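Quick notes on the structure that follows.
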Amino acid sequence: MTVHVSLEQLSSYLDLELAEPERLGLEHHLHDCASCRGRLDGLRSVVARLERLEQQAPPSELAFLVERRVAAEADRLGLQGRLERTIKTLFIQPSMTPIFGLVVALALILYLFSFGVARQQIRGTRLVVPVSPAAPVARMIAGREFIRTDGVWVERGLEPTAPVTVLELGVEIPVELLPFAGLGERVRLIQDGQVVEVVFPRAAD
Amino acid sequence: MSTAPVVMPSPATEIDLIERHRIGDPSAFEEIYSQHEKMVFNLALRMTRSPEDAAELTQEVFLRVYRHLERFRGSSTLKTWVFRIALNCCRSRFRRRRLTFREPSPGDDDALERIADPRADPERDALNSGLGERLDAALRRVPLAFREAVVLRDVHGFSYDEIGEILRIRIGTVRSRIARGRERLRCMLESEQ
Ligand SMILES: [Zn+2]
């Protein structure tokens, strides 16, 4: 009775994954066995067809959907990080009793959640981010929606013609505006009840 | 977010990318996204039934990538790491849909050989007449554990070692799953002719 080559050996042979003695033994058997040669050819053609399988282009809106979810996540993580840092700072003060610290922290949490996002001072930072060639037309940031109009990101609901105060970027940028950082563009939003416009420099600036 | 042509980066570039992400540069994630978007989407497409499912899965994958990117230590390539996350997402999706997928133990591979994928739909597949579509339809009928290995190897070109790392299985198991997946396809495609 003939002992044929195993399926695993044939498959690994196609991937050049057989050690030299095993490979030579297999080639010797193939020379004399039409049945194993036929099976090997079948496997080879399966591999060739799989390799030629066309890679489909993802739907065009996918990048935007991912970006929106990631921006929301960045927002959540940023706010969480700020709270953690603040609470840590409070508790390492030796003069502060734990109960007092807790009360202050709770008050701070309430404060940040109710006003945090809207009351951030825009201070700005140096930005080294390339401009994205396919910028989307709308973004959700910190639960606020921005639409791109004539090269400016305008918060939804703002009159495009409303008078604005243009702010210079200072030292530090609020985390909720970070997703705008790479745009090299202007963002118009409500800040402390005022319509302001922030100019984010381009990467080369 | 850009979808520039894909150029696979060297390990040094990858570590640099992670570092840029750590210090808050949002373009680092955008680069990682554009390098892997198409591959992840196509992997998801071969593991699910529809482009809609694949698009949703791709979103989940990149959200997880974003969450855990800081923990990437460079012990594997970024591509391997992203694919591991992607396959885990595919599996938890199957679990959520009660499609009885679990990580098979070595003895299970024989049992898998005998069962068909419960999600496969031969009637619908018969309508797909194109060569690539027929292959895709056949792929869907290959048990998931074998399909994962074959797709990683023959569609995405991973080495046996990398596949072992992505699926957390031994090389012997990698070899066996690839062989059985290919054999299932061979039988299906030859019986069609
Ligand atoms: Zn033989």
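Run the numbers for B:THR13 and B:ARG49: contour at 0.36 nm per residue of separation, minus the present Cα-Cα distance, in nm.
Computed gain between B:THR13 and B:ARG49 is 9.5 nm.
Note on the range B:130-193: with neighbouring protein chains present and a 1.4 Å probe, carbon and sulfur make up 45 percent of its accessible heavy-atom surface.
Rounded to the nearest 100, the interface formed by chains A and B buries 4100 square angstrom of accessible surface, both chains summed, with a 1.4 Å probe. Ranking B:THR77, B:THR58, A:THR2 by solvent-accessible area of protein heavy atoms (1.4 Å probe, all protein chains present), from largest to smallest, gives A:THR2, B:THR77, B:THR58. Label-to-label distance for A:ALA72 and A:GLU84 is 2.1 nm, based on points extended 7 Å past Cα in the beta-carbon direction. Between the beta carbons of B:ARG168 and A:SER6, assuming R0 = 25 Å, the FRET efficiency works out to 0.50 to the nearest 0.05.
Nearest 0.05, what FRET efficiency do B:GLU133 and A:ARG44 give at R0 = 22 Å with Cβ-Cβ as r?
0.55
The values are calculated or read from the model by the stated rules, or taken from the named source; none is laboratory data. Keep in mind the model is a prediction, meaning the values are calculated, not measured. Cβ coordinates were reconstructed from backbone atoms using ideal geometry, including for glycine residues, and neighbour counts include every protein chain displayed. We work out accessible area using only protein heavy atoms, side chains counted, and drop any ligands, DNA or RNA first. Shrake-Rupley method; radii C 1.70, N 1.55, O 1.52, S 1.80 Å.
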